[in-house]
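These notes concern the structure reproduced below.
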Amino acid sequence: MKASHFSAGRLRLSRLFSQSFAIVVAMLLLHTPVFAASSVWKVSKGADELYIGGTIHVLPANAFPLPNEFEQAYQQADVLVLEAKLPDPADQNATKAMIERLAYSKGETLSQKLSPKVLQVLADYLKTFNLTVQQFDGFKPGFVAMQIALLELHKAGMAGEGVDSYFASKATNAGKTQQYLETVEFQLDLMAKMGAGTEDQFMLANLKRADETAELLSQSIAAWRIGDVTALEKILLDDARTDDPASFKLLFNDRNHDWIPKIQQFFGNQQRELILVGTGHLPGEEGVLALLRAAGYQVEPFVANTK
């Protein structure tokens, strides 16, 4: 469950997943790109180092195999660090906890929060998937926005295993230590706050750009594979900052700043960590990479050994 991508039309692709933003392919071809080998970076202070990898939380099957940098960084790491522990889909208690945090209580419903006009727009959209508003009426806007994104990705055949779940499964099977920057409960509460008080604007923005979701993911994957942080910032962040500043601050800036002291605590031990966070957290002046540089760390692309 990822929080990265639920803002008004621009925050659906980042945690759950984050992880949902729009920009045409032509615009991506006009800027001067800054390429790394991939979206894996080495962060060091003296001889002490760790790796940070930007992830895509949902991938089509043809996105595998992953860039070699991810596999080599994983092999060289003693500890895998994720945003949060990924819930087991078969864990009924985890499912119940998610429902409790993302559902309305005390008789409230989404229909009560939306104007008749926006409610009709939502109903018309869901009807194209043979779904009804009633099936979502008990849930808060952030959860519904996530479902809209997933509906589009399933329709495009792109809603497969992401980088996080791939390496989490690999680490579990290998008995590799796993640690987390956040709790699942924190991420669920974050999603529950999305669109609160601005339900109409939030829902309309997500519905307006729903059909761009699959194309946006394709563009994000292309930039992510080669570590094009300039393109990633344009795709994932630029419009988000203006479309829904409050959600952007909650999902990106606040969390980025909160993660820096947690990442710093991984230095000064005898282990090397691979930290995986949503790709949208890497670029920008308040992105994780810039904040680490400002804190005095050397940050450079990690290049896989081809020998």
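No value in this document is a laboratory result; all are computed from the given coordinates. This structure is a prediction, so every number in the text was calculated from the model and none was measured. Here Cβ is always computed from backbone atoms with ideal geometry, including for glycine, and neighbour counts include all displayed protein chains.
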Fill in the blank from the handout: Under the Karplus relation with 6.51, -1.76 and 1.60 and θ = phi - 60°, whole-Hz ³J(HN,Hα) for region 154-168, x at Gly and Pro, equal 5, 4, 8, x, 10, 8, x, 4, x, 4, 4, 5, 4, 6, 5
Handout entry: Within-13-Å neighbourhood charge of LEU289 [Cβ basis; K, R +1; D, E -1]
Key = -2
Handout entry: DSSP beta bridge pairing in region 15-301, given as percent antiparallel to the nearest 5
Key = 55 percent
Handout entry: Label-point separation in nm, ALA246 to LEU150, each point 7 Å along Cα→Cβ
Key = 2.5 nm
Handout entry: Integer Hz, Karplus 6.51/-1.76/1.60 couplings in order for region 42-49, x for Gly and Pro
Key = 9, 10, 9, 9, x, 8, 8, 8
Problem - Total charge dipole magnitude, the chain, about the Cα centre, Cβ charges on Lys, Arg, Asp, Glu only, Debye to nearest 20 - result: 160 debye
Handout entry: Spin-label model distance (nm) - ARG272 vs ALA61, 7 Å beyond Cα toward Cβ
Key = 3.4 nm
